[in-house]
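Derivation of every value follows stated rules applied to the coordinates shown; laboratory data play no part. This structure is a prediction, so every number in the text was calculated from the model and none was measured. Glycine also receives a Cβ, built like all others from the backbone with ideal geometry; neighbour counts cover every protein chain displayed.
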Amino acid sequence: MTRIAADLHVHTSLSPCASRAMTPAAIAAECARLGLGMIAVCDHNTAAAARPVMEAASAVEDGPVVIAGIEITTREEAHVLGWFRSAEDAGAAAAELRVEAALSCAAADCSLSEAVELIHRHGGLAAAAHVDRRSFSVPGQLGFIPDDVPFDALEISAAGVERGRAAAFASHGLPLVSSSDSHCLEDLGSGCTMLDVEVPGFDELARALGRREGRGCVIA
Amino acid sequence: MTLSDIASRLDLEVLTPELAIEGGDEVSRGHASDLLSDVLANAPSGGLLLTTQVHMNVIAVAVHAGLAAVVFTQGMRPEAAVCRKAVEEGLPLLASKDSTFDLAGRLYELGLRGRESR
């Protein structure tokens with residue numbers, strides 16, 4: 001078992017709100033320099049950048065394992081992260097959101113429950129994004145985290161971890177992760193989750209979040 | 001002004017006919033927000049909530065905040081399960097085709113005000 005640093009919420013220049021410098025090659029090089037073992041590409045309502053980042057990462061020495069993800073804006077304007085086994089699975093899930101590329105930060109026509117169901121239907125893992133933040137978080141939009149939505153994890157922002165806000169979310173009984181929500185290269189790795197896994201990848205991420213078979217995860 | 005007066009003067013549709021709204025307490029305050037964290041923090045107890053937020057959580061939040069009723073604006077309608085939960089909790093739900101801005105203006109004309117300034 002090895003312990004790796006994972007940054008499970010990284011935007012690329014495909015997100016309109018992200019820096020144009022967030023190209024696949026630049027992300028791959030910076031993550032290798034930082035020693036990140038795994039990242040998840042989570043652009044707003046699209047997974048189109050996942051494969052290019054995977055290819056860039058495999059072309060770099062010590063490049064991270066790249067998980068294909070999406071950050072869905074639900075009808076309630078809450079952000080939900082989906083992590084998938086493959087770029088194809090992520091792409092199929094994103095296609096169902098039918099959000100126009102030019103409006104990729106807009107809300108998809110699906111509720112919070114439907115978004116989590118959609119992610120699970122495509123074999124993915126669902127996390128409520130940056131639950132410690134007021135804007136675009138499930139607690140911010142909905143007052144509290146509904147207990148009938150089967151999240152696989154709750155994400156605490158890097159700033160939230162720094163301010164000691166993670167403990168407030170422990171009572172949900174869900175694994176807590178922290179990630180950078182990077183929109184620029186400088187932020188990569190600023191929030192991290194340490195994963196105890198055999199081989200970095202989606203299946204091991206699922207085991208680590210479920211704390212199965214000796215795998216585990218802890219906020220860095 | 002009671003909830004039933006407001007409903008009839010502003011032509012609000014009652015989504016929870018199982019709950020009687022006649023002869024209730026006077027309603028003198030209101031709050032307009034789609035952010036339920038803001039409702040928890042700022043809505044005046046005993047007031048009306050105007051919102052386009054139709055998620056189930058609106059019921060628990062409104063009950064916790066001690067609101068008199070929730071009015072869904074600009075034609076937004078919650079699912080039946082939300083109405084059933086509201087009936088269980090004794091929280092009247094109403095609906096209006098007006099925008100939140102217009103409905104708040106009409107309520108202001110009827111004498112309702114926002115939360116007391118802090």
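Before moving on, here are some points about what is shown:
- Working from Cα pairs under 8 Å separated by at least six residues, relative contact order for the stretch B:10-67 is 32 percent.
- Within the stretch B:3-109, the percentage of alpha carbon pairs spaced more than 15 angstrom apart rounds to 57%.
- Computed FRET value (nearest 0.05) for B:Ser8 with A:Asp147, which takes r as the C-beta separation and R₀ as 45 Å: 0.75
- Comparing B:Leu91, B:Leu40, B:Leu48 in a Gaussian network model of chain B (Cα springs below 10 Å), the most mobile by mean-square fluctuation is B:Leu40.
- Of the GluC sites (Glu not before Pro) found in the stretch A:19-112, the ones in coil according to DSSP and having at most 16 other Cβ atoms within 10 Å of their Cβ are A:Glu61, A:Glu100.
- The mean sequence distance of close C-alpha pairs (under 8 Å, at least 6 residues apart), as a share of the length of the stretch A:2-219, puts its relative contact order at 22 percent.
- Ordering B:Arg106, A:Arg20 by the number of other Cβ atoms within 10 Å of each residue's own Cβ, fewest first, gives A:Arg20, B:Arg106.
- On the beta carbon distance between A:His183 and A:Arg212, with R0 = 45 Å, the FRET formula returns roughly 0.85.
- Loop sites here are GluC sites (Glu not before Pro) outside DSSP states H, G, I, E and B with no more than 16 other Cβ atoms within 10 Å. The longest part of chain B free of them is B:23-78.
- The amide H of A:Thr46, built 1.01 Å from its N in the peptide plane, has A:Glu71 as neighbours under 5 Å, considering only residues 5 or more places off or on other chains.
- Within the listed set B:Ala104, B:Ala62, B:Ala80, the residue fluctuating most in the Gaussian network model of chain B (springs between alpha-carbon atoms under 10 angstrom) is B:Ala80.
- Isotropic mean projected area of the C-alpha convex hull, the protein assembly as shown (nm²): 17.9
- Placing R0 at 35 angstrom, the Cβ-Cβ distance between B:Arg118 and A:Arg20 gives a FRET efficiency of 0.25 after rounding to 0.05.
- 10 Å beta-carbon shell around B:Thr2, net charge (K/R +1, D/E -1): -4
- Fully extending the segment from B:Val63 to B:Asn42 would add 6.2 nm, taking 0.36 nm per residue of separation and subtracting the current Cα-Cα distance.
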